[in-house]
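Colleague: Let me begin by handing over the structure; questions about it come next.
Derivation of every value follows stated rules applied to the coordinates shown; laboratory data play no part. These numbers were taken from a predicted model, which means no experiment stands behind them. Quick reminder, even Gly has a Cβ in these numbers, built from the backbone with ideal geometry, and neighbours come from all protein chains shown.
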């Protein structure tokens, strides 16, 4: 019996050793849960700051502003002329030092319109901060403090190396509770939450609450892989951070120039649907269809034409218009980028010298009835936007912008309206819209059946 027992013990020991050295188990290389985060918190705490701002705002005593245009307009006339009251509005946020000279990264919404910015460090030292630059489109800001010593700081890591499920740590001042450390994992990457034109958020379940805005999201090396920015008010345990790849480029521009300069191709674009993909010889509905390449702009100069479909730029695959906009915006002005397109079912490559995106140049391209019929710029409706605007997903196209001097704007059409039919023909995609408009002859009457933003349905009649 004793001999049998010894044999059994030996067998178990051999099995355990074999398991430990098998591909299913790696004792040395795998750490599923860190023992603690205290060293990481200690490493970062002196570089994370609390930000307090003060701004003066004015408001009358009218009780309106219900988020409804018609309601506000109705009551507005009864309260116009009432005395305006001035009051100080205070807000809290977080930030982190990125060098020893006192440059601090935070969110734009933390310091926007602030007349006074105060920074408090872990050791209790307080400083007045100056605003260096902001970028509302990505909700990033750079401020600076001056000290008589070198200051502790954090370094940016590579957010592209983050994997879903990887541990991350958030540090900030939620609800004014300074130096709060929370841990969680990367829940998803590349999230779009309609916060701005360049959404590309890291989603995490590390607790992020009001006051955390602008604080760092750290990997286990203590590197900043994200800037904590947003939460979903209707959900618990869902927070969002701007990835360091995007933030690093923006912050560098703010530091060097005080503003952000974005890349520009000079094309008008739309999403590729199944029909357009099949017609163009694509295997799947991915890529960006060029409805117009503006004459004299970078894309047209390089040889790209209307009807081409962009599938890759600067080594990154492009699946939809939002991705293209984000990638191009991040390219350095004056640099050359290889753009791969599909034309008549064949792939081609072009080297494009990236231009400078500017509101003035963009407005000039979008202006004029000859470029855009009736002065209407349309866009595809995604599921989220359809729900917000109260229309069925897959029905209609969004009025993304309007020429103020165009026929549509003068007739009462507004941005965020949804065009559902043209001359009783259903409009379910940008492709439908363009096809119907092109078939209408000059001088003919056109009836747009529209679901108007914050209003009901209406018919807008125009003449081409």
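Colleague: May I ask you to list the residues of the range 187-223 whose amide nitrogen lies under 11 Å from a point 7 Å from Cα along the Cα→beta-carbon direction of residue 166?
Modeller: Taking a point 7 Å out along Cα→Cβ of residue 166, the residues of the range 187-223 whose backbone N falls under 11 Å are 218-223.
Colleague: By average Cβ neighbour count within 10 Å, what is the ranking of 240-247, 429-436 from highest down?
Modeller: 240-247, 429-436
Colleague: Express in nm, to one decimal, how much length is gained between residue 348 and residue 185 on full extension, taking 0.36 nm for each residue of separation and deducting their alpha carbon distance.
Modeller: Stretched fully, the residue 348-residue 185 segment lengthens by 54.6 nm.
Colleague: Taking the mean number of other Cβ atoms within 10 Å as a proxy for protection, how do you rank 293-302, 117-126, 198-207 from highest to lowest?
Modeller: Per-residue mean Cβ counts within 10 Å order the peptides as 198-207, 293-302, 117-126.
Colleague: Right, here's the next one. Taking the square root of 5 times each eigenvalue of the Cα gyration tensor, what semi-axes in Å does the equivalent ellipsoid of the range 369-463 have, largest first?
Modeller: Sorted largest first and rounded, they come to 20, 14, 12 Å.
Colleague: Alpha carbons only, please: Rg and Dmax for the range 263-359, in angstrom.
Modeller: 12.2, 36
Colleague: Which residues does the label zone of residue 150 cover in the range 91-118, counting backbone N under 19 Å from a point 7 Å along Cα→Cβ?
Modeller: Under cut-off, by backbone N: 97-104.
Colleague: Enumerate the residues in the range 166-208 having an amide nitrogen under 15 Å from the point lying 7 Å beyond the Cα of residue 236 toward its Cβ.
Modeller: 205-208
Colleague: Right, here's the next one. Between residue 122 and residue 439, 0.36 nm times their residue separation minus their Cα-Cα distance comes to what? Please report the intermediate quantities before stating the final value.
Modeller: Values: separation 317, 0.36 × 317 = 114.12 nm, distance 6.69 nm.
Fully extending the segment from residue 122 to residue 439 adds 107.4 nm.
Colleague: So if each residue of separation counts as 0.36 nm, and I subtract the Cα-Cα distance between residue 428 and residue 112, what length gain in nm does that give?
Modeller: Gain on extension, residue 428 to residue 112, equals 109.9 nm.
Colleague: Let me ask another. Computed FRET efficiency, Cβ-Cβ of residue 100 and residue 411, R0 51 Å: what is it to the nearest 0.05?
Modeller: It comes to 0.30.
Colleague: What Kirkwood hydrodynamic radius, in Å, does the range 159-257 give when the mean of 1/r is taken over all pairs of distinct Cα atoms and then inverted?
Modeller: 13.4
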